[in-house]
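A.B. asks: Sharing a structure with you now.
The values are calculated or read from the model by the stated rules, or taken from the named source; none is laboratory data. Computed from a predicted model, the values in this text were never measured in an experiment. Cβ atoms come from the backbone with ideal geometry, glycine included; neighbour counts cover every protein chain shown. What goes into the accessible areas is simple: the full protein's heavy atoms, side chains included, and nothing from ligands, DNA or RNA. Shrake-Rupley method; radii C 1.70, N 1.55, O 1.52, S 1.80 Å.
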Amino acid sequence: MFQKVLIANRGEIALRILRACKELGISTVAVHSQADANAMHVRLADESVCIGPNPARDSYLNIPSILAACEITGADAVHPGYGFLSENARFANILEEHKITFIGPSSHHIEIMGDKITAKKTAVELGIPVVPGSEGEVKTPAEAQALAKEIGYPVLVKATAGGGGRGMKVARNDEEMAIALSTARTEAKAAFGNDSVYIEKYLEKPRHIEVQVIGDGQGNAVHLGTRDCSLQRRHQKVWEEATAPTVPAEQRDRIGEICAAAMRKLSYSGAGTIEFLYENGEFYFIEMNTRLQVEHPVTERVTNIDIVYEQISVASGEKLSIQQEDVRFSGHAIEVRINAEDPQTFAPSPGKISFYHPAGGFGVRIDSAIYQGYSIPPYYDSLIGKLIVHGRTRPECLQRLRRAIDEFVVDGVKTTLPLFARLIREPDIIAGDYDIHWLEKYLAANKV
């Protein structure tokens, strides 16, 4: 096992990793920007190193500074968390060259799954079902229009790099296709420095379903079931459930085994998530995230498996501590992402927390690094915590979530808690009758 792990992240995920390391008896190093000097993970780590000014490009994305922090402290491994450098193959390569372990998959697996065209080709080769679309990059309007007619409109033009909804445009006819292709290319170039795009069938009312997998790089891999992440705003998830309530257990096990078998063929190491669109009982591969997911706690709650522990363990050379027959699903779990944002306009709301009372009680978990008196900086993602609840059934889980939201208090900044207080009382949410477009339509219809 590692002697010292450097945590190359911030906020609640940095604290989550720190706790796992402490339980494993591993010393921790917290790196931080100037703005995060008083962050909770910095306070609790065995050592801390300031790696730069407030902007992420000068600190959390500054590879030389992080590498220097490893050398200064003697860290023999780095956990990237999610976001920032977690899917940066170059970073993983540099660490390897300096004989420092990257707690995650190999740089090769990051590369092949990081480019959506390559990832789709790989998925086909591995037997994972995919959305009908182009085999590779589409360059001209004529080529795009011909392919769209073959697939059938509407289609989606997507950037091969990046995510978060940037470089994605829907086209419903030839005229719209020319505009969508040009716009998607421009957005992709500006956001990711890569204007390559491809085309796939646009599904009208799909659910967003993902499968959690873990492999040890030694030919062993398991799946930990499904999650439903369909409630999204601007392609960003805000509410996640495990296991996916609309996917029957037999189908869950079948798609899960397809994904686990694929990871065995790849000799994949670490945690990963294979994301699908799900419509009319069919799964269509979107992409694979070669890292820990924000929503991993709901899977941990229904399986009682510590995903971060397994990540660290397999990165150190151990085999998976579980086999597929050891995975059992118990009850239902829901996570809502609490952001420091105006719940109506979604404008960021940084500032000092004057009062903080997290929800508690049976079946409630809070993943957050904020505390009373803490000042939320304006430089980073607005996620300040996650509220996770578990129940024997989905209705019980919803009741527990309602109770937890009602008692959760964060004063001094605006948060998205009032949004969830409204959503939890919506008939469609209670019935589980929603798709990836539902939340956008709801917000448009309920502006104040």
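A.B. asks: Please pick out the residue among GLY152, GLY136 that is surrounded by fewer than 21 Cβ atoms within 10 Å (Cβ to Cβ), touching a residue at least 60 places away in the same chain (Cβ under 8 Å) and either within 21 Å of ILE286 (Cβ to Cβ) or not aliphatic (A, V, I, L, M) (or both).
C.D. replies: Details: GLY152 fails: touching a residue at least 60 places away in the same chain (Cβ under 8 Å).
When all the criteria are applied, what remains is GLY136.
A.B. asks: Still on this structure, I have one more. Looking for whichever is under 20 Å from SER134 (Cα atoms), modelled with pLDDT of 90 or more and in contact with a strand residue (DSSP E or B) (Cβ under 6 Å, 6 or more places away or on another chain) here; the options are ALA184, ALA221, ALA188. Which one fits? If you could, list the steps in order and put the result at the bottom.
C.D. replies: Details: ALA221 fails: under 20 Å from SER134 (Cα atoms); ALA188 fails: modelled with pLDDT of 90 or more.
Selected residue: ALA184, the only one of ALA184, ALA221, ALA188 that is under 20 Å from SER134 (Cα atoms), modelled with pLDDT of 90 or more and in contact with a strand residue (DSSP E or B) (Cβ under 6 Å, 6 or more places away or on another chain).
A.B. asks: Does MET177 meet the test of being open to solvent by 20 Å² or more (accessible area, probe 1.4 Å) and touching a strand residue (DSSP E or B) at 6+ places or on another chain (Cβ under 9 Å)?
C.D. replies: Details: open to solvent by 20 Å² or more (accessible area, probe 1.4 Å): no; touching a strand residue (DSSP E or B) at 6+ places or on another chain (Cβ under 9 Å): yes.
For MET177, the condition - open to solvent by 20 Å² or more (accessible area, probe 1.4 Å) and touching a strand residue (DSSP E or B) at 6+ places or on another chain (Cβ under 9 Å) - is not met.
A.B. asks: Going by the structure shown, is ASP228 in contact with a helix residue (DSSP H, G or I) (Cβ under 7 Å, 6 or more places away or on another chain), open to solvent by less than 10 Å² (accessible area, probe 1.4 Å) and more than 30 Å from LYS139 (Cβ to Cβ)? Show your work before the answer.
C.D. replies: Details: in contact with a helix residue (DSSP H, G or I) (Cβ under 7 Å, 6 or more places away or on another chain): no; open to solvent by less than 10 Å² (accessible area, probe 1.4 Å): yes; more than 30 Å from LYS139 (Cβ to Cβ): yes.
It is false that ASP228 is in contact with a helix residue (DSSP H, G or I) (Cβ under 7 Å, 6 or more places away or on another chain), open to solvent by less than 10 Å² (accessible area, probe 1.4 Å) and more than 30 Å from LYS139 (Cβ to Cβ).
A.B. asks: May I ask you to list the residues in the range 321-338 that are open to solvent by 20 Å² or more (accessible area, probe 1.4 Å) and either touching a Phe, Trp or Tyr at 6+ places or on another chain (Cβ under 6 Å) or over 23 Å from GLY432 (Cβ atoms) (or both)?
C.D. replies: SER321, ILE322, GLN323, GLN324, GLU325, ASP326
A.B. asks: Scanning the range 72-96 for residues that are small (Gly, Ala, Ser) and touching a residue at least 24 places away in the same chain (Cβ under 8 Å), which turns out surrounded by the fewest Cβ atoms within 10 Å (Cβ to Cβ)? Walk me through how you get there before you give the answer.
C.D. replies: Taking the range 72-96 first, the residues small (Gly, Ala, Ser) are 74-75, 77, 81, 83, 86, 89, 92.
Next, from what is left, pick out any that are touching a residue at least 24 places away in the same chain (Cβ under 8 Å): 74-75, 77, 81, 83, 86, 89.
Working: GLY74: 12, ALA75: 28, ALA77: 23, GLY81: 25, GLY83: 20, SER86: 22, ALA89: 20.
It comes out as GLY74.
A.B. asks: Here is a further query. Is it true that some residue in the range 192-214 is open to solvent by 10 Å² or more (accessible area, probe 1.4 Å), charged (D, E, K, R), touching an Asp or Glu at 6+ places or on another chain (Cβ under 8 Å) and without any contact (Cβ under 8 Å) to a residue 12 or more places away in the chain? Steps first, answer last, please.
C.D. replies: Of the range 192-214, the ones open to solvent by 10 Å² or more (accessible area, probe 1.4 Å) are 192-196, 201-205, 207-208.
This time we only want the ones that are charged (D, E, K, R), so: 195, 201, 204-205, 207.
Within this subset, residues satisfying the condition of being touching an Asp or Glu at 6+ places or on another chain (Cβ under 8 Å) are 204-205, 207.
Pick out the ones that are also without any contact (Cβ under 8 Å) to a residue 12 or more places away in the chain and you get none.
Within the range 192-214 (the criterion being open to solvent by 10 Å² or more (accessible area, probe 1.4 Å), charged (D, E, K, R), touching an Asp or Glu at 6+ places or on another chain (Cβ under 8 Å) and without any contact (Cβ under 8 Å) to a residue 12 or more places away in the chain), the answer is no, since none of the residues qualifies.
A.B. asks: Among GLN236, GLN293, GLN251, which is surrounded by fewer than 20 Cβ atoms within 10 Å (Cβ to Cβ) and either under 30 Å from THR345 (Cα atoms) or at pLDDT below 95 (or both)?
C.D. replies: On the way: GLN293 fails: surrounded by fewer than 20 Cβ atoms within 10 Å (Cβ to Cβ); GLN251 fails: either under 30 Å from THR345 (Cα atoms) or at pLDDT below 95 (or both).
One residue alone meets the criteria, GLN236.
A.B. asks: Considering every residue within the range 155-172, establish whether at least one is within 22 Å of the chain's Cα centre (by Cα), touching a residue at least 24 places away in the same chain (Cβ under 8 Å), under 30 Å from VAL327 (Cβ atoms) and open to solvent by less than 10 Å² (accessible area, probe 1.4 Å).
C.D. replies: no
A.B. asks: Residues in the range 203-227 that are among the aliphatic types (A, V, I, L, M) and touching a Lys or Arg at 6+ places or on another chain (Cβ under 6 Å): how many? Break it down into steps so the answer makes sense when it comes.
C.D. replies: Applying the first criterion (among the aliphatic types (A, V, I, L, M)) to the range 203-227 yields 203, 209, 211, 213-214, 221-222, 224.
Within this subset, residues satisfying the condition of being touching a Lys or Arg at 6+ places or on another chain (Cβ under 6 Å) are 221.
Within the range 203-227, residues that are among the aliphatic types (A, V, I, L, M) and touching a Lys or Arg at 6+ places or on another chain (Cβ under 6 Å) number 1.
A.B. asks: Mind counting the residues in the range 135-144 that are closer than 12 Å to GLU200 by Cα and assigned to a helix (DSSP H, G or I)?
C.D. replies: Kept after step one, since they are closer than 12 Å to GLU200 by Cα, are these residues of the range 135-144: 135-138, 144.
Within this subset, residues satisfying the condition of being assigned to a helix (DSSP H, G or I) are 144.
Within the range 135-144, residues that are closer than 12 Å to GLU200 by Cα and assigned to a helix (DSSP H, G or I) number 1.
A.B. asks: Can you list the helices (runs of 4 or more DSSP H) lying wholly within the range 364-448 that have 2 or more residues being out of contact with any Phe, Trp or Tyr (no Cβ under 6 Å at 6 or more places or on another chain) and surrounded by 18 or more Cβ atoms within 10 Å (Cβ to Cβ)? Show your work before the answer.
C.D. replies: Details: elements: 394-407, 417-423, 427-431, 438-445.
Correct list: 394-407, 417-423, 438-445.
A.B. asks: Any chance the range 4-18 includes a residue that's of a type outside the set (Lys, Arg), surrounded by fewer than 21 Cβ atoms within 10 Å (Cβ to Cβ) and farther than 17 Å from SER382 by Cα? Spell out how you get there, then give the answer.
C.D. replies: The first filter runs over the range 4-18 and keeps only residues of a type outside the set (Lys, Arg), leaving 5-9, 11-15, 17-18.
Of the ones still in play, those that are also surrounded by fewer than 21 Cβ atoms within 10 Å (Cβ to Cβ) are none.
Among the residues of the range 4-18, not one is of a type outside the set (Lys, Arg), surrounded by fewer than 21 Cβ atoms within 10 Å (Cβ to Cβ) and farther than 17 Å from SER382 by Cα, which makes the answer no.
A.B. asks: Here's something else I'd like to know. Looking at (1) assigned to a strand (DSSP E or B); (2) out of contact with any Ser or Thr (no Cβ under 9 Å at 6 or more places or on another chain), which one does ALA260 not meet, given that it meets all the others?
C.D. replies: (1)
A.B. asks: Provide a single number: the residues in the range 314-338 that are among the hydrophobic types (A, V, I, L, M, F, W, C) and assigned to a loop (DSSP other than H, G, I, E, B).
C.D. replies: Here the count works out to 4.
Yes/no per residue for (1) farther than 30 Å from GLU396 by Cα; (2) over 13 Å from the mean Cα position of the chain (by Cα):
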{"residue": "PHE276", "(1), (2)": "no, yes"}
{"residue": "HIS296", "(1), (2)": "no, no"}
{"residue": "ILE305", "(1), (2)": "no, yes"}
{"residue": "GLN311", "(1), (2)": "yes, yes"}
{"residue": "SER321", "(1), (2)": "yes, yes"}
{"residue": "ILE334", "(1), (2)": "no, yes"}
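A.B. asks: What number of residues in the range 263-290 are open to solvent by 10 Å² or more (accessible area, probe 1.4 Å) and either in a loop (DSSP other than H, G, I, E, B) or in contact with a Gly (Cβ under 7 Å, 6 or more places away or on another chain) (or both)? Please lay out each step first, then the result.
C.D. replies: Going residue by residue through the range 263-290, those that are open to solvent by 10 Å² or more (accessible area, probe 1.4 Å) are 264-267, 269, 277-284, 286-287, 289.
Filter once more, keeping what is either in a loop (DSSP other than H, G, I, E, B) or in contact with a Gly (Cβ under 7 Å, 6 or more places away or on another chain) (or both): 264, 267, 269, 280-281, 289.
Qualifying residue count for the region: 6.
A.B. asks: Given (1) touching a residue at least 40 places away in the same chain (Cβ under 8 Å); (2) in a loop (DSSP other than H, G, I, E, B); (3) open to solvent by 60 Å² or more (accessible area, probe 1.4 Å), identify the lone condition not met by THR345.
C.D. replies: With (1) touching a residue at least 40 places away in the same chain (Cβ under 8 Å); (2) in a loop (DSSP other than H, G, I, E, B); (3) open to solvent by 60 Å² or more (accessible area, probe 1.4 Å) applied to THR345, the lone miss is (1).
A.B. asks: Continuing with this model, one more query. Out of all the residues in the range 288-312, which are touching a residue at least 40 places away in the same chain (Cβ under 8 Å) and either in contact with a Leu (Cβ under 8 Å, 6 or more places away or on another chain) or among the acidic types (Asp, Glu) (or both)? Even if it seems obvious, please write down each step before you answer.
C.D. replies: Going through the range 288-312, the residues touching a residue at least 40 places away in the same chain (Cβ under 8 Å) turn out to be 288-299, 301-303, 305-312.
Hits for the range 288-312 are VAL294, GLU295, THR299, THR303, ILE305, ASP306, ILE307, VAL308, TYR309, GLU310, GLN311, ILE312.
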